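The structure appears right after this line, and notes come after that.
The values are calculated or read from the model by the stated rules, or taken from the named source; none is laboratory data. Note that this is a predicted model, so its numbers are computed, not measured. So basically every Cβ, Gly included, is an ideal-geometry build from the backbone, and we count neighbours across all protein chains shown. Areas reflect the complete protein model, heavy atoms only, side chains present, ligands, DNA and RNA absent. Shrake-Rupley method; radii C 1.70, N 1.55, O 1.52, S 1.80 Å.
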Amino acid sequence: MAALTRLAAVLLMFLALLDPSSAQSRRVLSDSRTSPRGAEEAQIRERLNAWTVSLAGGLLEGAPIRFATEIARVVNDGGNMQVLPIVTRGPTENVNDLLYLRGVDTAIINSDSLEEYKSQVPQIQQRITYLLNLFPSELHIFVRPEIRSLSDLAGKKVNFNTQGTAAAYSGPLIFSRLGVDVEKMFIPHPVALEQLKRGEIAGVVFVTSKPVDAFVKGKWEPGFKFLAVEYGSKFEDYYLPSYLEPTDYPNLVAKGERIATIAVPTILASFNWRPSSPRYHRVARFVDQLFSRVDKLQAPGFDPKWKDVNLTTRVPGLERFQPAQEWLDRASPTNKQSGHP
């Protein structure tokens with residue numbers, strides 16, 4: 001028995017020599033709790049985590065991640081507030097991240113991307129709230145001279161840009177609502193525009209903020225034009241009315257003319273956290289910092305689209321995050337209830 005006891009003791013010593021990390025980690029943990037330096041680090045860790053908000057942006061080459069990065073530049077305030085922009089697969093995928101990815105507090109999404117989730121998350125409009133309507137992405141339906149109306153596109157080739165882009169998601173959804181069945185193509189727009197000139201396809205669909213360089217700087221023969229899309233009840237759930245005007249496209253829209261279209265809001269959204277939760281309070285502080293400093297984002301050095309951002313602009317189909325609405329109400333009583341659809 002004594003021999004077995006000695007053998008066990010030797011084995012334990014051998015294991016400890018082979019892997020001292022366990023004892024070392026316990027010693028480090030003990031030191032961090034008892035030493036002044038460890039206590040200080042624990043306080044820093046607690047403060048940073050208490051007031052850090054993650055923001056799902058988008059692809060590196062897209063506008064959403066640029067907006068997320070610029071938000072972080074003006075909101076970050078030492079240990080009082082920190083925003084961590086996240087590179088993602090884009091505003092549509094960001095809805096999935098906001099719903100399910102651990103650690104994501106806020107995200108930049110396109111309003112109509114909620115449509116894809118309605119079947120699997122029937123109450124999605126109660127699970128996501130919006131903080132701010134960032135900028136609109138206007139629908140551009142650009143066609144050849146022989147196309148005179150939307151119905152003329154039926155059965156013809158129309159390009160919606162590559163998969164994963166706003167046009168590739170929103171475009172077919174909008175055409176479905178319009179009741180126009182086209183032969184959908186998903187190739188890069190620069191290639192499609194050349195095919196459009198040669199008559200190989202009938203139209204191209206862009207969903208992006210105006211003005212678009214391809215239409216401003218491109219050389220287009222007479223007859224190439226934008227088709228009008230009238231705003232109505234079929235678009236009230238996610239979209240806003242808009243226009244393409246001569247100031248946007250002087251070579252394609254005649255003076256005095258306005259071409260009706262719709263716009264897809266790109267929004268800053270949050271999960272609908274419980275008011276008693278720490279994450280609710282973090283996002284509330286984030287809203288306070290962002291709204292009180294939005295004027296800095298509208299100064300030179302930031303994306304020009306910030307100049308068009310209006311804190312009170314609503315988002316169809318979603319409720320505004322309550323602390324955001326309360327901030328607006330405090331700033332101006334006339335804003336009261338403006339954040340609700």
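Could you give the dipole magnitude of segment 135-178 about its Cα centre, charging the beta-carbon of Lys and Arg +1 and that of Asp and Glu -1, in debye to the nearest 20?
Rounded to the nearest 20 debye, it is 120 debye.
Rounded to whole Hz and in sequence order, give me ³J(HN,Hα) for segment 113-123 from the Karplus expression 6.51 cos²θ - 1.76 cosθ + 1.60, θ = phi - 60°, writing x for Gly and Pro.
Going residue by residue, I get 5, 5, 4, 5, 9, 4, 6, 8, 10, x, 9 Hz, with x marking Gly and Pro.
List the residues, sorted by chain then number, that are 5 or more residues from Leu131 or on another chain and whose placed amide H is less than 5 Å from its amide H.
Correct list: Leu268, Ala269, Ser270, Phe321.
Tell me what the chain gives for mean residue ellipticity at 222 nm when only DSSP H runs of n ≥ 4 count, each as -39,500 (n - 2.57), the sum divided by the residue total, rounded to 500 deg cm²/dmol.
It lands at -11500 deg cm²/dmol.
Please report, for the Cα atoms of the chain, the Rg to one decimal and the Dmax as a whole number; what are they, in angstrom?
26.7, 103
Measure up Lys156/Lys219; Lys156/Lys210; Lys157/Lys305; Lys156/Lys307 against 29 Å on the Cα-Cα distance and list the ones that go over.
Distance filter (> 29 Å) returns Lys157/Lys305; Lys156/Lys307.
Probe 1.4 Å, all protein chains in place: accessible area of Val87 in Å², nearest 10?
90
Magnitude of the Cβ-charge dipole of the chain, K/R +1 and D/E -1, about the Cα centre, nearest 20 debye?
Taking the Cα centre of the chain as origin, the dipole is about 640 debye.
Tell me the accessible surface of Glu221 in square angstrom (1.4 angstrom probe, heavy atoms of protein chains only), to the nearest ten.
130
For segment 307-322, take each phi angle, set θ = phi - 60°, evaluate the Karplus expression 6.51 cos²θ - 1.76 cosθ + 1.60, and give the result in whole Hz per residue in order, putting x for glycine and proline.
So the J values, rounded to whole Hz, are 5, 8, 6, 10, 4, 8, 4, 7, 10, x, x, 10, 8, 6, 3, 3.
Have a look at Val158, Leu132, Ile108 and report the one farthest towards the positive end of the charge dipole of segment 89-222, computed about the Cα centre with Cβ charges (Lys/Arg +1, Asp/Glu -1).
Selected residue: Val158.
When the chain is fully extended, how far beyond the present Cα-Cα distance does Glu40 get from Thr247, taking 0.36 nm per residue of separation?
Full-extension gain reported as 68.7 nm.
Round to a whole number: what % of the accessible area of segment 189-283 belongs to carbon and sulfur, probe 1.4 Å?
Taking all protein chains in place, segment 189-283 shows 52 percent carbon and sulfur surface.
Give the share of C-alpha pairs in each 10 angstrom bin for segment 199-339, from 0 to the last occupied bin, in whole percents, shortest bins first.
The percentages, shortest bin first, are 9, 29, 30, 20, 9, 2, 0.
So how do His281, His189 rank on accessible area, 1.4 Å probe, biggest first, that is with the largest at the start?
Output order, biggest surface exposure first: His281, His189.
Run the reach check for Lys118 against aspartates and glutamates, Cα to Cα strictly under 19 Å, same-chain hits fewer than 8 apart removed. What comes back?
Glu93, Asp97, Glu236, Asp237, Glu319
Roughly how many Å² is the accessible area per residue of the chain, as a whole number, for a 1.4 Å probe?
52
Which three lengths, in whole Å and largest first, does segment 146-237 cover when its Cα atoms are put on their principal axes?
So the extents along the principal axes, rounded to whole Å, are 36, 27, 22.
Along each of its three principal axes, how wide is the spread of alpha-carbon positions in segment 280-322, in whole angstrom units, largest first?
Here the Cα extents, ordered largest to smallest, are 31, 25, 12 Å.
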